[in-house]
Amino acid sequence: MTQIIAALSLKGGVGKTSVVLGLAGAAAERGLRVLVVDLDPQANSTASLDPHHTPFTSSDVLFDARPGIASEAIVSSGWDSQIQLLPSERALEHRATPDGPDSSQRLKRALTGVTEAFDLVLIDCPPSLGELTRNALYAATDALVVTEPSFFAVNGAEQALEAVSIVSTHGNPQLRPIGIVANRVRPTLPEHNYRMDELRSAFGDLVLGGLPDRAAIQQAQGACVPVQQWTSNGAADINNALGRLLDELRPTIETADLRQASARPALVTTSTNEGPRS
Ligand SMILES: Nc1ncnc2c1ncn2[C@@H]1O[C@H](COP(=O)(O)OP(=O)(O)O)[C@@H](O)[C@H]1O
Ligand SMILES: [Mg+2]
């Protein structure tokens with residue numbers, strides 16, 4: 001069964017889109033066929049993946065919701081033929097309110113028979129735990145909670161995990177919380193280390209290796225290229241961390257072996273030439 005990871009958080013601006021794009025680039029580099037489903041009306045991952053044309057979008061797909069209809073909206077990204085995209089548009093906002101008893105299952109239905117063509121599906125959720133994110137959770141096998149090392153992190157992750165647990169109890173038993181990833185970590189800041197400890201004591205092993213704060217993420221997104229193609233010390237740091245995160249998320253024997261060999265990887269690496277930005 002294809003692994004379908006929904007990246008979610010209560011808040012905007014924590015890095016859901018960046019994690020989805022970063023993982024998509026890392027997975028494509030390893031030869032995996034990736035589908036990115038943009039389920040945010042802000043359509044940030046659509047903009048950065050830079051498709052040539054988008055005749056239909058996730059808004060049309062959720063409106064129609066016939067089994068398999070998503071295939072008509074999926075297009076190649078401008079990055080790499082390994083990465084396909086179910087694009088979004090602002091009109092998706094109209095699908096953000098529940099509409100009938102099964103409205104949370106529309107995406108799942110629309111993706112029937114479609115996800116099998118991919119090795120990894122990544123769903124970029126909007127910044128809320130409402131109807132669109134519920135659609136993502138019904139369609140997903142794994143829920144990845146994205147957060148920042150801040151005062152609100154524990155509370156925000158708790159609420160996201162609660163939303164995951166509700167969906168896995170009521171209708172999608174295959175869904176599991178795969179982990180919590182802290183983004184924009186600056187290990188030189190005592191505040192960030194304190195918040196990371198707080199997350200680990202609240203959620204234990206569910207807390208995955210974090211992603212460092214590196215300008216390369218913004219630069220690559222702005223240039224509509226994978227951060228894996230960006231060359232700077234900061235890009236190398238973030239790409240190493242993304243590779244390790246992908247290892248933690250992929251349920252392969254190879255990954256299991258890696259885990260045993262190296263225990264949990266270091267949280268973040270820092271480079272000598274590009275320190276955390278102030
Ligand atoms: N690790 C990072 N280092 C530096 N900037 C980042 C990082 N992650 C995200 N950003 C930037 O932070 C902003 C918000 O990230 P984004 O992924 O769009 O969050 P979300 O999808 O949760 O709203 C974007 O401008 C993005 O480029
Ligand atoms: Mg986003």
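Would you confirm, using the coordinates I've provided, whether SER59 is touching an Asp or Glu at 6+ places or on another chain (Cβ under 7 Å) and buried (at least 21 other Cβ atoms within 10 Å of the Cβ)? Taking the combined requirement at face value, the residue satisfies it.
Results for (1) loosely packed, with under 14 Cβ neighbours inside 10 Å; (2) under 19 Å from the mean Cα position of the chain (by Cα); (3) within 13 Å of ligand 1 (Cβ to nearest atom), shown as yes or no for each residue.
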position	(1), (2), (3)
ALA163	no, yes, no
GLY179	no, yes, no
MET196	no, no, no
GLY222	yes, yes, yes
TRP230	no, no, yes
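Set side by side, the residues SER103, SER18, SER77 differ, and just one is crowded, with 23+ Cβ neighbours inside 10 Å and within 28 Å of LEU161 (Cα to Cα), which is SER18.
When you scan region 93-115, do you find a residue that is closer than 30 Å to ARG184 by Cα, modelled with pLDDT of 95 or more and within 16 Å of ligand 1 (Cβ to nearest atom), even just one? Taking every residue of region 93-115 in turn, at least one turns out to be closer than 30 Å to ARG184 by Cα, modelled with pLDDT of 95 or more and within 16 Å of ligand 1 (Cβ to nearest atom). If you go through region 57-78 and keep only what is in contact with a helix residue (DSSP H, G or I) (Cβ under 6 Å, 6 or more places away or on another chain) and not in a helix (DSSP H, G or I), you end up with ALA65, PRO67, ALA73, SER77.
Scanning region 25-57 for residues that are small (Gly, Ala, Ser) and either within 13 Å of ligand 2 (Cβ to nearest atom) or farther than 17 Å from LEU249 by Cα (or both) yields ALA43, SER45, ALA47, SER48. Residues in region 23-50 that are surrounded by fewer than 17 Cβ atoms within 10 Å (Cβ to Cβ) and in a loop (DSSP other than H, G, I, E, B) were compared, and the one that is nearest to ligand 1 (Cβ to nearest atom) is ASP50.
The values are calculated or read from the model by the stated rules, or taken from the named source; none is laboratory data. Quick caveat, the model's predicted, so the values are computed rather than measured. All Cβ positions, glycine included, derive from the backbone under ideal geometry; neighbour counts span all protein chains shown.
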